[in-house]
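The values are calculated or read from the model by the stated rules, or taken from the named source; none is laboratory data. Quantities reported herein were computed from a predicted structural model and do not represent experimental measurements. Note that we place each Cβ from the backbone using ideal geometry, even for glycine, and neighbour counts take in every protein chain shown.
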Amino acid sequence: MSGFKLVVISVVTILICLLAARGETSSQAGVAVSGSIVDESAGVIPGATVNLLGQNSATRSTTSKADGAFGFEGVAPGTYVLRAEIAGFETYQTTIVVGQEPVARLKITLRVRALETDVTVEADEPADAFSTSASNGATLRMDDDFRRALPIVANDFLGVVGNFFYPAAQGSQGNSVIVDGVEGDQIEVPSAAIGTVRLNRNPYSALYQHPGQARVEVSTKRGRRSRYDGAFEMSDRNSLFAARNAFATSTEDLNRRLLQPTFGGPLPGKKSSFYFTAQRFVHDESAVVNAETPTGTVVANVPTSHDHNSVFARIQAWPDALNTMTGTYGFSGHDYSNRDAGGFNLAERGVAAGRQKHTLTLSHRLLRASNWQNDFLFGFLDQEDHAGSAATAPAIDVNDAFSSGPSPSFTRANRRSFNLENTARYLGRAGHSLSFGGRLRTDHVDAFDASNFAGTYEFADLQAFAGRTPLFFRVNRGDPNAAFSVSAANGYVQDEIRVKSQLTLTFGLRYDWQSTTSDRNNFAPRFAFAFAPENHKKTIVRGGAGIFYDDLTRSAIEKSLLLDGAHLREIVISDPSFPNPFSSGADVSRLPSTVRVAPGIRSPYLSEASLGVERELDQRNRLTAEYSWFRGTHLFRSRNINAPLPGTDLRPDPGFLNINQIESSAFLHSQALTISWRGRPGRFFQPYAQYVFSKTTNNMSGTFSVPANNYDLRAETGPADDDARHRFNMIGVVALPRGFQTGLVLSVSSGLPYDITTGFDDNSDTVANDRPPGITRNTGRGTGTAQLDVRISKSFAVVRVQDGGQAQRRDTFDLIVDVFNAMNRTNFKAIVGDMSSPFFGRANVAAPARTVQFSARYTLRR
């Protein structure tokens, strides 16, 4: 089906749903909910925003009048969350029950704000913490105020949240990022558009494909119907206050600038709102080259740049009390210069690269009767990527010593995705909740890959380079164009039952299908429970189990189509002449090497089970201890099924050199003890901390990695590449005297494993990843890392005079100083495990040293 037809069908479906909803809308008399807002001295507070959030009705909003009074008319019976907020005061929140009788007039007292809280309640999430589908003590939740108080490098919010992901729960494409219900792998919206963030909420939900430990849910902001909100933020970071990188001889050039305007509010008619934000990010810095060449050590700062422009816009409309319609548009553009330079790559290996992404979503929420909710979502994505250009000479790689010559990378790709989702939810009595839905997604990719058309020489070590004796010469020939489509569909049903006041059970079943795999029995059952052994429910035992299926990556499909022997042919020449690989005496076999997907390849799946105890220490502090088990089955790996037979030079298929087959034959075993603390000890400190003690074992290092011995995989079993046995992460906000505030991000981890190899091709499979006798995969272990980032901010109230001469604080001006890697600790990256390398047993790349950033932000409300 063409993309145009999908768009037409989606728009028609939304219109039909809207017309049907309007036809079924019925009015109910309801009762009034009213009250007044005062401060701690009993003085009235005008201009406060009051929201009434109901699980079965649209959110209603009003503003307190000059005498502090507010009111809602015609409120239907049900349970609601009442929330009042205004700048300079703590947010007030309570739950009220509306029946047939009038509600007693409320008196709300707001306290002067010492520290913003992280409480965020939405109408579609149960406020009952005992529910298995709600957030628990181990859930990381952040609202906009808490997030803005944290130091975030380059506004890369996923980099902070990613510290709390559990690596063993990740799929083949990495972590799962859900932005407004649309699944992806990046947060591309401007940071100002991020509203609420949740990590590890309901880890066994049948709604999602991946576990909660590797899933982050992001809700973007919307404009209010009661007022206009705006902000302008700018930040700057340069090398004046920066420390020198551990491997650089001088401080690298650094110039980072960010501009971010935001504005939103009601549209005419007060039945719709808009929100708009844009971000301009310019990052000019230097990559540190640290390599060993025949002429000696090369250490240099190579100028690089990264420009990122992004836009996000939302229009939301409420035609009536039962319907909500939303449209969003997002743009993200990246441009890089000298990307890939640094480390072993000399300056000439840097490439120009870029990405442009357009996203469009249309959604409709329909409320039927008092306990049915239906959500429909249409999403469209158009993405273009490019990297490198045609090389004019061969590249030179001396393994783990240096890489010179032009970069062999030359790729282009265009991807268009269509996404249709529909979910329905029924809210019954006594905490019963039933939800079901489905999703259809199709991706079409036009790929171009002319990489390595000029060829690459590979040398085992510096001595071989000096002697002009390469191990291999690799070159690609043929048609670099390929086009393909991938379709995926899923459906789910989930039932949450409150068996009794102290026990909740959730049963779920999910089905996943992908057009590129052969198995059609991917049913994934899910189960979770929450049990309170005590009547006061201060102690809750939580547990669950589930199966999570994964998809074959688009990159695997693309590579198998391009390097199929018909489009592209990879030619590998062993022991070639240098600098002319085709001169007399060289092995000039033209047998192609190919990549293929194994016939009958299956979808991998992850089995997970967990048991934990959550304890409420007091009203503001919760401690959670959880033990988890993970088992990955049929995971993706590559294996050269045409490698020379052991002890011979004979290959099973004489018509090919290498046949790297992507197959589902790998495994993963992991166990983890996680201790989480979320709370607010005292009035001035609000932390979330997590400690993880874990062990993860597998027998592969990614979809495209091949084993050292393709016929004996026993030596591949070892620690996973991301097996850090100990990890501690903490984020927090500290209120200081005189209105200052400090945000902290602390990340500490034990060392990661690394593979030890000889650096030579002893078994003639044309891959120099052979290991010494008796050494298994990832035997080495690197050093630990620790980093502390600090933000110090001061907020100034801007007093505006209202009509009648009354002063009211509505606008704010913030001055911010961020210090990244405040302790200036040297954190080494990957350790070199090549025994033939002059860097064996040590790193040649380190994480950035200390840098300082200055920011200012003005926020207005009208």
Problem - ARG477 being farther than 19 Å from ASN658 by Cβ and of a type outside the set (A, V, I, L, M, F, W, C) - result: no
Problem - Filter pass, THR517 being modelled with pLDDT under 95, closer than 30 Å to SER555 by Cα and touching a Ser or Thr at 6+ places or on another chain (Cβ under 6 Å) - result: yes
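Hey, among THR776, THR783, THR703, THR696, which residue is more than 30 Å from LEU815 (Cβ to Cβ), touching a helix residue (DSSP H, G or I) at 6+ places or on another chain (Cβ under 7 Å), surrounded by fewer than 18 Cβ atoms within 10 Å (Cβ to Cβ) and not hydrophobic (A, V, I, L, M, F, W, C)?
On the way: THR783 fails: touching a helix residue (DSSP H, G or I) at 6+ places or on another chain (Cβ under 7 Å); THR703 fails: surrounded by fewer than 18 Cβ atoms within 10 Å (Cβ to Cβ); THR696 fails: surrounded by fewer than 18 Cβ atoms within 10 Å (Cβ to Cβ).
Step by step, each of THR776, THR783, THR703, THR696 is checked, and only THR776 is more than 30 Å from LEU815 (Cβ to Cβ), touching a helix residue (DSSP H, G or I) at 6+ places or on another chain (Cβ under 7 Å), surrounded by fewer than 18 Cβ atoms within 10 Å (Cβ to Cβ) and not hydrophobic (A, V, I, L, M, F, W, C).
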Problem - Number of the exception - GLY195 against (1) surrounded by fewer than 22 Cβ atoms within 10 Å (Cβ to Cβ); (2) assigned to a loop (DSSP other than H, G, I, E, B) - result: (2)
Practice task
Please list, ordered by first then second residue, the pairs with beta carbon atoms under 6 Å, 6 or more apart or interchain, first in the stretch 824-835 and in the same structural domain as ALA243 (by TED's automatic domain parsing), second polar (S, T, N, Q) and assigned to a loop (DSSP other than H, G, I, E, B).
Solution key: PHE828/THR783; ASP834/ASN399; MET835/THR758
Handout entry: Test set (1) of a type outside the set (A, V, I, L, M); (2) over 30 Å from ARG60 (Cβ atoms); (3) surrounded by 15 or more Cβ atoms within 10 Å (Cβ to Cβ) - THR297 fails condition number
Key = (3)
Exercise for the section: Only one of these is among the aliphatic types (A, V, I, L, M) and under 30 Å from PHE378 (Cα atoms): VAL288, VAL311, VAL299, VAL282. Name it. Expected result: VAL311
Handout entry: Top-ranked residue in the stretch 510-528 [being in contact (Cβ under 8 Å) with a residue 60 or more places away in the chain and surrounded by fewer than 18 Cβ atoms within 10 Å (Cβ to Cβ); ranked as nearest to LEU611 (Cα to Cα)]
Key = PHE527
Practice task
Report whether or not ASP400 is crowded, with 21+ Cβ neighbours inside 10 Å, over 14 Å from GLY181 (Cβ atoms) and either within 29 Å of the chain's Cα centre (by Cα) or charged (D, E, K, R) (or both).
Solution key: yes
Problem - Filtered residue count, the stretch 206-241, keeping only those that are assigned by TED's automatic domain parsing to the domain that holds VAL493 and surrounded by 21 or more Cβ atoms within 10 Å (Cβ to Cβ) - result: 2
Handout entry: Meets criteria (out of contact with any Gly (no Cβ under 6 Å at 6 or more places or on another chain), of a type outside the set (Gly, Ala, Ser) and under 24 Å from ILE662 (Cα atoms)) for ILE571
Key = yes
Fill in the blank from the handout: Residue hits (the stretch 398-437; β-branched (Val, Ile, Thr) and more than 30 Å from PHE380 (Cβ to Cβ)) are VAL398
Handout entry: Condition broken by TRP513, with the remaining ones in (1) touching a Phe, Trp or Tyr at 6+ places or on another chain (Cβ under 7 Å); (2) under 21 Å from PRO211 (Cα atoms) satisfied
Key = (1)
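This table checks each residue for (1) without any contact (Cβ under 8 Å) to a residue 40 or more places away in the chain; (2) part of a strand (DSSP E or B); (3) on the phi > 0 side of the Ramachandran plot.
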residue	(1), (2), (3)
LEU645	no, no, no
LEU650	yes, no, no
GLN671	no, yes, no
THR674	no, yes, no
PRO681	no, no, no
TYR688	no, yes, no
TYR691	yes, yes, no
LYS695	yes, yes, no
MET700	no, no, no
Practice task
Give the residue, chosen from GLY342, GLY296, GLY354, that is in contact with an Asp or Glu (Cβ under 8 Å, 6 or more places away or on another chain) and not charged (D, E, K, R).
Solution key: GLY354
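Would you list the strands (runs of 3 or more DSSP E) that sit entirely within the stretch 259-371 and hold 1 or more residues that are among the aromatic types (Phe, Trp, Tyr)? Step through it out loud before you land on a result.
Details: elements: 272-293, 296-320, 323-339, 351-368.
Hits in the stretch 259-371: 272-293, 296-320, 323-339.
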Practice task
Tell me the strands (runs of 3 or more DSSP E) entirely within the stretch 524-629 that contain at least 1 residues that are over 30 Å from TYR492 (Cα atoms) and touching a helix residue (DSSP H, G or I) at 6+ places or on another chain (Cβ under 7 Å).
Solution key: 568-574, 592-597
Practice task
For the stretch 471-489, state whether one or more residues are closer than 30 Å to SER433 by Cβ and basic (Lys, Arg).
Solution key: no
